[in-house]
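This report concerns only the one structure given below.
The values are calculated or read from the model by the stated rules, or taken from the named source; none is laboratory data. Note that the coordinates shown come from a computational prediction; the quantities given were computed from them, not determined experimentally. Quick reminder, even Gly has a Cβ in these numbers, built from the backbone with ideal geometry, and neighbours come from all protein chains shown.
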Amino acid sequence: VSLTAVGLPASASAATPATTERSVTDVVPAPVSAKADPKGEFKLTPFTVISADRGAGQVADYLRGLLRPATGYPLPVVTRPAGLPAISLQLGHDSRIGTEGYELKVARTGVSLRANTADGLFEGVQSLRQLLPSAIDAKRVQHRTWTVAGGTILDYPRFGERGAMLDVARHFFRPDQVKLYVDQIAQYKINTLHLHLADDQGWRIEIKSWPKLATVGGKTAVDGDPGGYYTQAQYRDIVAYAASRHITVIPEIDMPGHTNAAQSTYAELNCDGKAVPVRTDTEVGYSSLCISSPITYRFVDDVVRELAAITPGQYLHIGGDEAHATPPADYLTFEQKVQPIVARYGKKVTGWHEIAKSDLPVSAIPQYWDFGGDNESVAAAAARGNKILMSPANYAYLDMKYNPETPLGQDWAALVEVKDGYGWDPASLVTGVGENQVAGVEAPLWTETIRTSDDIEYMAFPRLPGIAEIGWSPKSTHNWDAYRARLAKQSPRWVTQGIDFYRSPQVDWK
Ligand code: TNX
């Protein structure tokens, strides 16, 4: 690998000529280092094999599943290539690339992908896909040649967490819709899916000790649209599917506000013992659990216990945003009682940045969403050693409209065109929260106005790849002109994949 390319602006490395229209220098998110070799193209043929080290079998099977439908080739997974041309997946020890990095070498004689972990191999496979023609994503056999662009990539992420959030509470999305989104985001090296499972308008996860949360509280959605919920078995299946795409699920139960669905279902969750009316409008900040009632903490204990038992990831998200109906002192009381419950069931706390006002354990990750609001408490948490997840509403919220005419979405934080969504740096957003205090980035998609998978795609594409690049790529590669040229080349893939994206006039789409 040429380390001279490390840190070069993408615009400089993109000047390397290539014989195919694709190049290792075009990958999104931009790699740490990429050096094209126009003479080093590899051709997939009916004789190509996928060779996999012990421990690489799952990624090898996944790669085979990606390549077989369009090529129609057998692409057997073997442990020894025995002289056949191969894509070889190797596990080793390379101190340069960490737990998610990889080195990819494409030559005439074969493709070698090396990483320290299966996660790293998986991310390398996402780069490899982009070196093949976009027709590789077709569902049926295409009769054509399959050339992998030649060269070398050495790559690893800037931040450990690159997330997407889907609000399944305002509108419900079926498991198959969540899985579709998982596949769409995985190709940009997103490694975390935050599911917003409960809000004022609906409760979406079965809790066996409070069964009506799902069966009654799950019936509703914004504007009287149909609701729904995941059984625990369905949730586990979503979690397992995400894990097969090397994505960790973080479930959120928002509290002490955003709780109307629970409090309209169970009267005992209200201080006066009376169930509140169901609400399907989109107001925020009016609901609050009863902070002084012991029943509240039995409820939280039951929910957290059941959710922790079906969530293999380390973190549970306890919300904490916009608790305008909870007096500040009560908010702190609530956080002091609830955060230890999460710890008791073996999990760590993440929550919206308002939780930074409480006395957080150092493992807790506040998620910054405002702009200019609670910066002092967030910076103070960072100074105490907490890492901060960055999802500023005015840049990273996928539910913001692109422009005033965008038929979906909201505009309370900003209008966010593609260039705006790409135009920020997580390590210089909040004074006192620098590179080493940033856990990563997240692109939340709130769904007050989002009802279908097409709606999700229209808001997430093309902005989600920009957030993914901000989270993965070295800051030195950050360059709008270079990015928009690389992004344009992604569009044929989205067409083949059936992604209904927004054709922003800021990008010269292919
Ligand atoms: C604010 S941002 C909310 C959500 C809304 C969103 C709509 C945050 C932590 N809370 O309840 O869905 O705005 O953009």
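State the number of residues belonging to the range 377-403 that are in a loop (DSSP other than H, G, I, E, B) and aromatic (Phe, Trp, Tyr). Before the answer, list the steps.
Taking the range 377-403 first, the residues in a loop (DSSP other than H, G, I, E, B) are 384-387, 391-392, 397-399, 401-403.
Among the residues that remain, those that are also aromatic (Phe, Trp, Tyr) are: 397, 402.
Residues in the range 377-403 being in a loop (DSSP other than H, G, I, E, B) and aromatic (Phe, Trp, Tyr): 2 in total.
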Inset, instruction - Test each condition in (1) closer than 21 Å to residue 190 by Cβ; (2) assigned to a helix (DSSP H, G or I); (3) more than 16 Å from the ligand (Cβ to nearest atom) for residue 439 and report the one that comes out false. - result: (2)
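Does residue 416 satisfy the criteria of being under 21 Å from residue 379 (Cα atoms), assigned to a loop (DSSP other than H, G, I, E, B) and in contact (Cβ under 8 Å) with a residue 40 or more places away in the chain? Reasoning before the result, please.
On the way: under 21 Å from residue 379 (Cα atoms): no; assigned to a loop (DSSP other than H, G, I, E, B): yes; in contact (Cβ under 8 Å) with a residue 40 or more places away in the chain: yes.
Spelling it out, it is not the case that residue 416 is under 21 Å from residue 379 (Cα atoms), assigned to a loop (DSSP other than H, G, I, E, B) and in contact (Cβ under 8 Å) with a residue 40 or more places away in the chain.
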Inset, instruction - Kindly provide the set of residues from the range 92-139 that are part of a strand (DSSP E or B), aliphatic (A, V, I, L, M) and touching a residue at least 40 places away in the same chain (Cβ under 8 Å), ordered by number. - result: 104, 106, 107, 111
Inset, instruction - Select the strands (runs of 3 or more DSSP E) contained entirely in the range 140-195, then report the ones holding at least 3 residues which are within 15 Å of residue 28 (Cα to Cα) and not aromatic (Phe, Trp, Tyr). - result: 151-155
Inset, instruction - Can you run down the residue pairs with Cβ atoms below 8 Å, 6 or more apart or on separate chains, where the first is in the range 29-51 and over 16 Å from residue 129 (Cβ atoms) and the partner is among the charged types (D, E, K, R)? - result: 32/155; 33/155; 39/108; 40/108; 51/80
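I'm trying to understand the selection: among the residues of the range 295-310, which are among the hydroxyl-bearing types (Ser, Thr, Tyr) and crowded, with 18+ Cβ neighbours inside 10 Å?
Taking the range 295-310 first, the residues among the hydroxyl-bearing types (Ser, Thr, Tyr) are 296-297.
Scanning the range 295-310 gives a single hit, 296.
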Inset, instruction - Identify all residues within the range 305-357 that are of a type outside the set (A, V, I, L, M, F, W, C), part of a loop (DSSP other than H, G, I, E, B) and within 16 Å of the ligand (Cβ to nearest atom); write none if there are none. - result: 319, 320, 321, 322, 324, 326
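Looking only at the range 375-400, which residues are touching a Pro at 6+ places or on another chain (Cβ under 9 Å) and free of Cβ contacts under 8 Å to residues at least 60 places away in the same chain? Can you show your working first?
So the first thing to find is which residues in the range 375-400 are touching a Pro at 6+ places or on another chain (Cβ under 9 Å), and the list is 377-378, 381-382, 386-393, 396-399.
Residues satisfying the conditions are 377, 378, 381, 382, 386, 387, 388, 390, 392, 393, 397.
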Inset, instruction - Would you please name the residue that is nearest to residue 374 (Cα to Cα), looking only at residues in the range 386-405 that are more than 10 Å from the ligand (Cβ to nearest atom) and among the charged types (D, E, K, R)? - result: 387
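Give the residues of the range 66-93 that are over 16 Å from residue 107 (Cβ atoms), hydrophobic (A, V, I, L, M, F, W, C) and surrounded by 14 or more Cβ atoms within 10 Å (Cβ to Cβ), sorted by residue number.
Narrowing the range 66-93 to residues over 16 Å from residue 107 (Cβ atoms): 66-80, 82, 91-93.
Then keep just the ones that are hydrophobic (A, V, I, L, M, F, W, C); that gives 66-67, 70, 75, 77-78, 82, 91.
Across the range 66-93, the qualifying residues are 66, 67, 70, 75, 77, 78, 91.
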Legend entry - Residue pairs meeting the criteria (Cβ under 7 Å; at least 6 apart or on separate chains; first closer than 17 Å to residue 335 by Cβ and at pLDDT 95 or above, in the range 291-315; second of a type in the set (Ser, Thr, Tyr) and assigned to a helix (DSSP H, G or I)): 291/333
Inset, instruction - Considering each residue of the range 35-65, count those that are under 24 Å from the mean Cα position of the chain (by Cα) and surrounded by 20 or more Cβ atoms within 10 Å (Cβ to Cβ), and give that number. - result: 4
Inset, instruction - Please specify each residue of the range 462-510 satisfying the condition of being part of a loop (DSSP other than H, G, I, E, B) and in contact with an Asp or Glu (Cβ under 8 Å, 6 or more places away or on another chain). - result: 478, 489, 499, 500, 501, 504, 506
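Being among the charged types (D, E, K, R) and under 13 Å from residue 445 (Cα atoms) is the filter here, so list the residues in the range 135-182 that pass it. Spell out how you get there, then give the answer.
Step one: of the range 135-182, the residues among the charged types (D, E, K, R) are 137, 139-140, 144, 155, 158, 161-162, 167, 170, 174, 176, 179.
Of everything in the range 135-182, those that are among the charged types (D, E, K, R) and under 13 Å from residue 445 (Cα atoms) turn out to be 167, 170.
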